[in-house]
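The values are calculated or read from the model by the stated rules, or taken from the named source; none is laboratory data. Note that the structure is a prediction, hence the values are computed from the model and not measured. Positions of Cβ are backbone-derived with ideal geometry, glycine not excepted, and every protein chain shown enters the neighbour counts. Just so you know, the surface numbers come from the protein's heavy atoms only, side chains and all, with ligands and any DNA or RNA stripped out. Shrake-Rupley method; radii C 1.70, N 1.55, O 1.52, S 1.80 Å.
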Amino acid sequence: MEGRNGYFKLDMRETGVFLVVYAPEEEGKPVEIKEVIAYLDEKKFDKYDLKAVNSAVNSEKDSEEVYIGEWNGLYENETMEVNVSSDKMMAFCRFYPPSNNGKNMTEEDILSELRMLKIIVGIQEEEIKKFLKERKYCTNYVLAKGKPPVNGTDATIEYFFNTNPNLKPKKNEDGTVDYHDLNTISRVEKGQVLAKLHEAVKGCAGQDVFGTPIPARQEKNKKLEYGNNISISEDKTEIYSEVTGHASLVNGKVFVSDVFEVTADVDNTTGDITYDGNVSIKGNVKSGFSVKAKGDIVIDGVVEGAVLFAGGQIIVKRGIHGMNKGKVEAKGNIITKFIENATVISEGFIEAGSILHSQVSAATEIRVSGKKGFVTGGVIRAGSLVEAQTIGSDMGTITRIEVGVAPEVKERYNFLQKQILDTNKELEKLKPILVNYSERVAKKEKINPATIAQVQTVAKTYKEKQEEIVKVREEFVKLHEEIQLETDAKVNVKGSVYQGASITISDVSYNVKGTVSHSKFVKKQGEIVVKPL
């Protein structure tokens, strides 16, 4: 059974008005002096002994009395105090008892007072009846509750193929990648359901206790977006593949591409390949040739000094042997057995068995796994993680690892830095011409029209360069601040990292001295810290 809070009441006598304080029962709370003072102020009693009132309030005895003033001959009725929550969704009411011979409030009295305060929504009649039955004073009763809005449910689209561009390839028990069982490309059959639209459900507005409308969050509608080789149901809620091929989701749009297959090498017999869908190559891509696909590229053999570009993923089952001229670039992930003397760029992750003397960058992660799992020479950049068995070599091979900043951001940062330096040099060359001209004008020298025209051109160029460098500096400062932020990026080395390797996280660099094993490199409080892995 709930306890009863402590409370107080007035007792009107011929000898004066007395405050009677009642102790709480069971788990109830004692009355607070500030509540008593507020009540007395409301009733215009201001000549009482505050010390005596405080003593009565804090006494552990029940029915403590204290004189507070003369009686004017009128009795006090039961009263109610109303407080509304800051969000106007709840009205809290506290009741104070009548004096002797005073009148109790009725249900209609309570409702009338709420109406007078313009509290009209969500009146809790059961709570009012509860008070009238038990009459607990100095206790909060919630007598009105606003009607919260019911937010609509956004439309959703359920896809029935792999839409996760970061799905990692399967690993063998020894940690190597299984290049024969790659699950990163979604094969679909003719007639297969590709996606289903679950339509939005409209919301319902609410009201606060004063009746002010509270709008519901506007639900978001969607529609199925799709490309060629796809059909849609009559009710526009399902799409189907019209061909057997590969499905992909690009910026919310579903594409199905059939596959262009090269049964041997890409060489003089095939020439360069450009295709709107996916490309499957059973042999190698020979040096000097290019393969460009809007979808995925899967190569069973080796990529030599060739150029590859894919709007999706690139998978090279045997490896990339770039011969210092090969470039492999993908909007999606890149998975390959090894990378050697090549430039490799991914807007997703990169998974390789080893990387040797290459320029490799990925928007998210670069994982070099397998028995060897080494990164030796070159520059490796990733947005969040570089993980390898070995970094550098015991020969001290210069190997740079950079994480914490998206590679394209870092490249833009370096470009802007160079642009600022070059523009400043140009301004320094133009400035003496303008200074010399100003000095001649000040001396009132006669200057021929050709020189004036030349100086005007220089002045125009100078102004344009100044305006240009202001914009460049703004972007540079913004990128600089972004790069300096704390980051969760890290470099994990399961084996050893050797002297000659450098680790950069955002804007901080760490040159490895000696050999560090089984460690991770993280940025903490503006410096790189080495921790056990």
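Among the residues of segment 451-474, those identified as open to solvent by 70 Å² or more (accessible area, probe 1.4 Å) and either closer than 30 Å to Gly404 by Cα or among the hydrophobic types (A, V, I, L, M, F, W, C) (or both) are Val470, Lys471, Arg473, Glu474. Applying the criterion of being outside any strand (DSSP E or B) and small (Gly, Ala, Ser) to the residues of segment 236-264, the residue that is surrounded by the fewest Cβ atoms within 10 Å (Cβ to Cβ) is Gly252. If you filter segment 206-222 down to residues that are loosely packed, with under 13 Cβ neighbours inside 10 Å and at pLDDT below 95, you find that the one that is nearest to Met90 (Cα to Cα) is Pro215.
Of the residues making up segment 466-474, one or more are touching a residue at least 24 places away in the same chain (Cβ under 8 Å), closer than 30 Å to Glu527 by Cβ and of a type outside the set (A, V, I, L, M).
Residue count for segment 34-59 under the criterion of being assigned to a helix (DSSP H, G or I), closer than 21 Å to Gly102 by Cβ and either open to solvent by 70 Å² or more (accessible area, probe 1.4 Å) or of a type in the set (Lys, Arg) (or both): the result is 2. Within segment 102-124, at least one residue is in a loop (DSSP other than H, G, I, E, B), open to solvent by 50 Å² or more (accessible area, probe 1.4 Å) and in contact with a Gly (Cβ under 6 Å, 6 or more places away or on another chain). For a quick check of your reading of the model, give me the residue pairs whose first member lies in segment 132-159 and is in a loop (DSSP other than H, G, I, E, B), whose second is among the β-branched types (Val, Ile, Thr) and open to solvent by 50 Å² or more (accessible area, probe 1.4 Å), with beta-carbon atoms closer than 7 Å and at least 6 apart or on different chains. Sorted first by the residue in segment 132-159, then by its partner, the pairs are Gly152/Val201. Look at (1) surrounded by fewer than 12 Cβ atoms within 10 Å (Cβ to Cβ); (2) hydrophobic (A, V, I, L, M, F, W, C); (3) modelled with pLDDT of 95 or more and you find that Leu10 fails only one, number (1).
Against the definition (surrounded by 21 or more Cβ atoms within 10 Å (Cβ to Cβ) and among the hydrophobic types (A, V, I, L, M, F, W, C)), how does Ile345 come out, yes or no? Spelling it out, it is not the case that Ile345 is surrounded by 21 or more Cβ atoms within 10 Å (Cβ to Cβ) and among the hydrophobic types (A, V, I, L, M, F, W, C). Ser393 falls short on exactly one of the conditions (1) touching a residue at least 60 places away in the same chain (Cβ under 8 Å); (2) of a type in the set (Ser, Thr, Tyr); (3) loosely packed, with under 14 Cβ neighbours inside 10 Å, and that condition is (3). Name the residue that is nearest to Val409 (Cα to Cα), counting only residues in segment 348-369 that are open to solvent by less than 10 Å² (accessible area, probe 1.4 Å) and more than 26 Å from the chain's Cα centre (by Cα). Here the residue is Val360. The residue that is surrounded by the fewest Cβ atoms within 10 Å (Cβ to Cβ), among those in segment 13-30 that are at pLDDT 95 or above and among the β-branched types (Val, Ile, Thr), is Val20.
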